[in-house]
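Report on the following structure.
The values are calculated or read from the model by the stated rules, or taken from the named source; none is laboratory data. Please read all numbers here as calculations on a predicted model, not as lab measurements. Glycine gets a Cβ as well: all are built from the backbone with ideal geometry, and neighbour counts include every protein chain shown. Only protein heavy atoms, including side chains, enter the accessible area calculation; ligands, DNA and RNA are left aside. Shrake-Rupley method; radii C 1.70, N 1.55, O 1.52, S 1.80 Å.
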Amino acid sequence: MAETAQEVLKYIEDNNIELIDLKFVDLFGIWQHCTFHKSLIDEDSFVNTGGVAFDGSSIKGWKSIQASDMAMVPDPTTAWMDPFMEIPTLSMVCTIVDPRTQQLYERDPRSIAQKAVDYLIASGVGDKVYCGPEPEFFIFDEVRYKQSGHEAYFFIDSDEGPWNSGKEGGVGYTIGKKRGYFPVSPSDGLQDIRTEMLLTMAKCGVPIEKHHHEVAAGGQCELGIRFSDLVHAADYVMTYKYVVKNVARKYGKTATFMPKPIYDDNGTGMHSHMSIWNNGQPLFAGDKYAGLSQTALWFIGGLIKHAKSLLAFTNPTVNSYKRLVPGFEAPVNLAYSAGNRSASIRIPLSGSNPKAKRLEFRCPDASSNPYLTFSAMLCAGLDGIKNQIDPGEPLDVDIYEMDPAELAKIPKAPANLGEALLNLEKDHEFLTAGGVFPEDFIYNWVAMKMEGEVKPLSKLPHPYEFELYFDC
């Protein structure tokens, strides 16, 4: 819609728009927002020395109440008309500035993403990093859950779920477990809702490609979007999630990006493609394995070396690790391959065009904060290039036919979030290099995740424990 502040302001004036919705992302990857009258938005709003003031003390993990004054600085390239507001409202995504220093706020994830790109440029390796995320999600017809000291349960339902094959009044078009890729209607009953989601995203500035049902039964879907530079790719993931959830609600349904909501079927990931360019030329194409360059192999070496701590950002929930289990195309093996989807890094078959050469990191899921995920991936890869880390031999064999002793030699993804966080505590210099992730940010992240998720969940009785142990 616009490239400059002046273009945005002219659009507001020409279209008599009175309300401006400014959105920013919190540490956990959730959009927060505040809606302002147009009289509060001028050219000074778009620069770090100005911005739009707000109170940041109530944002979890951010400023304390005695240092709560902060400023949102909207990015004019992110402007779009919000399709879910009854009154015409222009939306923009913001970075956060500390008005005392007029510098990017060190705990703002979007600011960290901008610093990651700056670090790439300062390193001399390249001047552009492209990211192509593939978020998946489930659409459910009903969701109920409750947790208290004496009660715990969840219930989800989907008309297409295989558990409804015997439902009274049913029509029989359920989808079997792991058989959701790609049946046509009437088995796939989500065509129209996905179409609306995809076209609505396009209206919000997201470069779209396709949509389809995914492998899992029970309503697993994916909308395909095109790659973009790191910061805007993360912006697009946030818009993607916003549109998916709001369109689902419009249809009387609900959508979730929770990695593993259904037991014993495929979980939901966010495979993330990445490549580095310099002076308009791709750096990952070459004459090495699978058409990669030596630079790309070193980048992969960095990802593999730091994966066990990297996953504290790319897979940041307890539930994330219920997806990372063998048997569901889960990328649990910390290795690379041109074809093996159980390897954590896949080299897509992109033909002879060097501009399409990239790698795909298959571990991340969409419960992650995309700004932190892409930034951490870039930092790990740059450390691999800087130190010329050898990724070892590719994993081009069928892991189900490997000798157990040989398979055991392949490093594995962390088994749980606690393990990933402990690895992050020990291995994070690759993230703090270039000032991308402040040390304080790392320790704050570990503390919040440990105290807010890992420890509480380790103490809660699980319903399955009653089935196992009640009669002990």
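Assorted remarks:
- Relative contact order computed over the stretch 265-353 (Cα-Cα under 8 Å; 6+ residues apart), in percent: 18
- D by Stokes-Einstein for the stretch 239-370, Kirkwood Rh over Cα pairs, 20 °C, 1.002 mPa s: 133 µm²/s.
- Normalising the average separation of contacting C-alpha pairs (under 8 angstrom, six or more residues apart) by the number of residues puts the relative contact order of the chain at 14 percent.
- Förster radius 35 Å - calculated FRET efficiency between SER68 and PHE155, Cβ distance, rounded to 0.05: 0.35
- Carbon plus sulfur fraction of accessible area for the chain, probe 1.4 Å, in percent: 52
- DSSP bridge orientation in the chain - percent antiparallel, rounded to nearest 5: 85
- Under 19 Å from a label point set 7 Å out along the Cα-to-Cβ vector of TRP163, the amide N atoms of the stretch 238-267 belong to 253-267.
- Each 10 Å bin from zero up to the one holding the largest Cα-Cα distance in the stretch 1-143 carries the following percent of pairs: 10, 35, 34, 18, 3, 0.
- Kyte-Doolittle mean at least 0.0, axial Cα span of 15 Å or more - DSSP H helices of the chain: 109-123, 230-250, 294-314, 370-386
- Loop-resident sites, the stretch 265-310, for trypsin sites (Lys or Arg not before Pro), counting at most 13 other Cβ within 10 Å (DSSP): LYS288
- Spacing of the two label points (7 Å from each Cα toward its C-beta) at GLN388 and THR254, in nm: 5.5
- Sites ASN48 and LEU457, calculated FRET efficiency, Cβ-Cβ separation with R0 30 Å, nearest 0.05: 0.15
- For the chain, the pair-distance distribution built from all alpha carbon pairs, in bins 20 Å wide starting at 0, is 23, 57, 20, 1 percent.
- Where chymotrypsin sites (Phe, Trp or Tyr not before Pro) fall in DSSP loop in the stretch 223-318, at most 11 other Cβ within 10 Å: TYR263
- Value of relative contact order over the stretch 4-154, rounded to a whole percent, pairs C-alpha under 8 Å and six or more apart: 19
- R0 of 22 Å, Cβ-Cβ distance GLU142-VAL171: FRET efficiency to nearest 0.05: 0.80
- Dividing the convex hull volume of the alpha-carbon atoms in the stretch 15-69 by its residue count gives 98 Å³ per residue.
- The stretch 386-445 pair-distance distribution - Cα-Cα, 5 Å bins, rounded %: 4, 13, 17, 16, 16, 15, 10, 7, 3
- Here the peptides 96-109, 171-184 are ranked by packing, the mean other Cβ count within 10 Å, and the order with the highest first is 96-109, 171-184.
- A Cα-only calculation for the stretch 412-472 places Rg and Dmax at 16.3, 57 Å.
- Helical runs assigned H by DSSP (4 residues or longer) give the chain a calculated mean residue ellipticity at 222 nm of -9000 deg cm²/dmol, each run adding -39500 (n - 2.57) before division by the residue total.
- Filtered trypsin sites (Lys or Arg not before Pro), the stretch 401-453: DSSP coil and at most 12 other beta carbons within 10 Å: LYS409
- Shape analysis of the stretch 294-379 based on the Cα gyration tensor places the equivalent ellipsoid semi-axes at 21, 15, 12 Å, largest first.
- Extension gain (nm, one decimal) between ASP398 and LYS210, 0.36 nm per residue minus Cα-Cα: 64.7 nm
- Inverse mean reciprocal Cα-Cα distance (Kirkwood Rh) of the stretch 139-226, Å: 14.5
- With Rh defined as the Kirkwood radius, the inverse of the mean 1/r over Cα pairs, the Rg/Rh of the stretch 218-260 is 1.01.
- Net lengthening on full extension, ALA338/LYS10 (0.36 nm per residue, minus Cα-Cα): 113.2 nm
- Length available on full extension from GLU86 to ILE121: 0.36 nm per residue minus the Cα-Cα distance, which gives 8.4 nm.
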